1. List every residue whose amide H lies under 5 Å from the amide H of Arg145, counting only residues 5 or more places away in sequence or on a different chain, with H placed 1.01 Å from N in the peptide plane.
2. Can you list residues whose amide H is under 5 Å from Leu153's amide H, if they're 5+ apart or on another chain and H is modeled 1.01 Å from N?
3. Hey, what do the phi angles of the range 106-118 turn into as Karplus ³J(HN,Hα) couplings, whole Hz, using 6.51/-1.76/1.60 and θ = phi - 60°, x for Gly and Pro?
4. Quick one: what are the phi-derived ³J(HN,Hα) couplings along the range 151-164, Karplus 6.51/-1.76/1.60 with θ = phi - 60°, whole Hz, x for glycine and proline?
5. Contour minus end-to-end for Glu80 and Ala150, with contour as 0.36 nm per residue of separation and end-to-end as the Cα-Cα distance?
6. Which net charge results when you count Lys and Arg as +1 and Asp and Glu as -1 among the other residues whose beta-carbon is under 14 Å from that of Leu198?
7. Looking at the range 149-178, which GluC sites (Glu not before Pro) are in a loop (DSSP not H, G, I, E or B) and have at most 16 other Cβ atoms within 10 Å?
8. Where in the range 65-154 are there GluC sites (Glu not before Pro) that are in a DSSP coil and have at most 10 other Cβ atoms within 10 angstrom of their Cβ?
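What follows is calculated from the coordinates using simple rules that are stated; it is not laboratory data. As the structure is a computational prediction, the values presented were derived from the model and not from experiment. Cβ: placed from backbone, ideal geometry, glycine included. Neighbour counts: every protein chain shown.
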Amino acid sequence: MGRVAGVQGYYAESAERLGTVYESVTFEVVHGALLDLLPDPPARVLDVGAGTGRDAAALASRGFSVDAVEPVAELRGVAERLHPGCGVSWRTGALPALDGVQGPYDVVLLSAVWMHLRPEERPVAMRRLAGLLAPGGVLLITLRRGEPPADRLMFDIPPEEVAGQGAEVGLRLLRIVDEGADRLGRDAVHWNAVALQLG
């Protein structure tokens with residue numbers, strides 16, 4: 001997530017509640033349209049903005065080597081409590097810099113993260129993410145669409161913008177997915193996913 005106090009503050013205050021909400025939907029349900037793009041384990045995966053750890057833990061259970069980056073300490077605490085001993089390496093960090101994170105990774109996942117980045121941060125973040133990918137590595141980004149909520153910084157970003165910024169740093173478009181309605185039942189929210197590949 002971006003370095004915006006309002007964004008991180010919201011997630012810090014809501015960490016316990018979000019743990020229940022996020023974990024109520026499985027990794028396989030949320031990312032079903034992207035699963036065929038995952039390489040064979042034990043490929044190296046980076047989960048950026050890992051939240052309560054649902055995706056990171058699921059990937060680790062599939063045999064992947066997973067690093068999970070989350071800037072909000074309260075969310076990391078929930079993740080470590082909900083997914084003890086799962087083999088995930090939990091660490092602090094935030095886009096666009098992701099200080100201390102070292103590639104290469106075969107997969108970089110951003111689930112419900114990109115829409116928190118300000119317009120000027122997005123090209124910088126995309127270049128950083130591309131630099132973390134191994135040759136042939138895939139970048140998977142899910143985008144919350146619809147009117148942004150009033151309680152935190154968020155943007156309605158079309159998938160074509162993401163694909164274009166990826167192309168500028170050498171990533172080719174594999175897929176844009178219209179994931180349809182929100183799986184948590186929020187009426188005005190729908191989702192897209194963008195899959196990009198290095199090389």
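1. His190, Trp191, Asn192
2. Amide H to amide H, under 5 Å and 5 or more residues apart or across chains, Leu153 pairs with Val7.
3. Calculated HN-Hα couplings, in order: 7, 9, 10, 10, 10, 9, 6, 10, 4, 6, 8, 7, 5 Hz.
4. In residue order, the calculated couplings are 8, 6, 5, 7, 10, 8, 9, x, x, 5, 5, 4, 4, x Hz.
5. Working: separation 70, 0.36 × 70 = 25.20 nm, distance 2.92 nm.
So the chain would gain 22.3 nm between Glu80 and Ala150.
6. Numbers: positive: Arg44, Arg127, Arg128, Arg172; negative: Asp106, Glu168.
In short, +2.
7. Values: sites: Glu160, Glu161, Glu168; in loops: none.
Qualifying residues, ordered by number: none.
8. Details: sites: Glu74, Glu80, Glu120, Glu121; in loops: Glu120.
Loop-located and lightly packed - Glu120.
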